[in-house]
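Here the structure is laid out as structure tokens; the discussion comes afterwards.
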Amino acid sequence: MKPIIVTKKGSLEQEINSGPMTRFAGVSEHLSNATNIHMALANIPMGRCSTTHYHTNCESAIYVLSGSGIFVHGDNMDIEDEISAGDFIFVPAGALHQPVNTGDTTLKLIVARNTPTEIVEEKARLGRKDC
């Protein structure tokens, strides 16, 4: 029987930042020996955003834990969906996206992926530049 792994909040794995967005994994290949899933908390400070990017090898499911903002996406990054606490977002593999914090507190997201290691491609010329 494989062991169950509990990762305490003080033992999260700090991951690569995307612009000013920070991400801390609680379920990962390194922490949990996960082979088909990854789960993390992402924090975006007020007035800031991640880089415009896409994941080549995985789908993402995002839950807005707290805060508010917009989720910029589309082939030309021309779609802006308002997001707030309680919203779920599905991002298919290869879909350009950029979460932007437009609220007055930190935008906190729970991010789950169907792979323990993501491959990210950034598109610095697309998306919001003012954050």
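Results, tabulated for the structure shown:
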| read-out | value |
| --- | --- |
| Conditions (1) surrounded by 20 or more Cβ atoms within 10 Å (Cβ to Cβ); (2) in contact with a Pro (Cβ under 9 Å, 6 or more places away or on another chain); (3) within 18 Å of I110 (Cβ to Cβ); (4) not charged (D, E, K, R); number of the one not met by V72 | (3) |
| Any hit, the stretch 82-89, residues being within 13 Å of the chain's Cα centre (by Cα) and at pLDDT 95 or above | yes |
| Of the criteria (1) in contact (Cβ under 8 Å) with a residue 12 or more places away in the chain; (2) out of contact with any Phe, Trp or Tyr (no Cβ under 9 Å at 6 or more places or on another chain); (3) not hydroxyl-bearing (S, T, Y), which one A40 fails | (2) |
| Strands (runs of 3 or more DSSP E) lying entirely in the stretch 85-130 (those with 2 or more residues that are surrounded by fewer than 19 Cβ atoms within 10 Å (Cβ to Cβ) and not basic (K, R)) | 88-91, 107-113, 120-122 |
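The values are calculated or read from the model by the stated rules, or taken from the named source; none is laboratory data. None of the values given here were measured: they were computed from a predicted structure. Neighbour counts run over all protein chains shown; Cβ positions are idealised from the backbone, glycine included.
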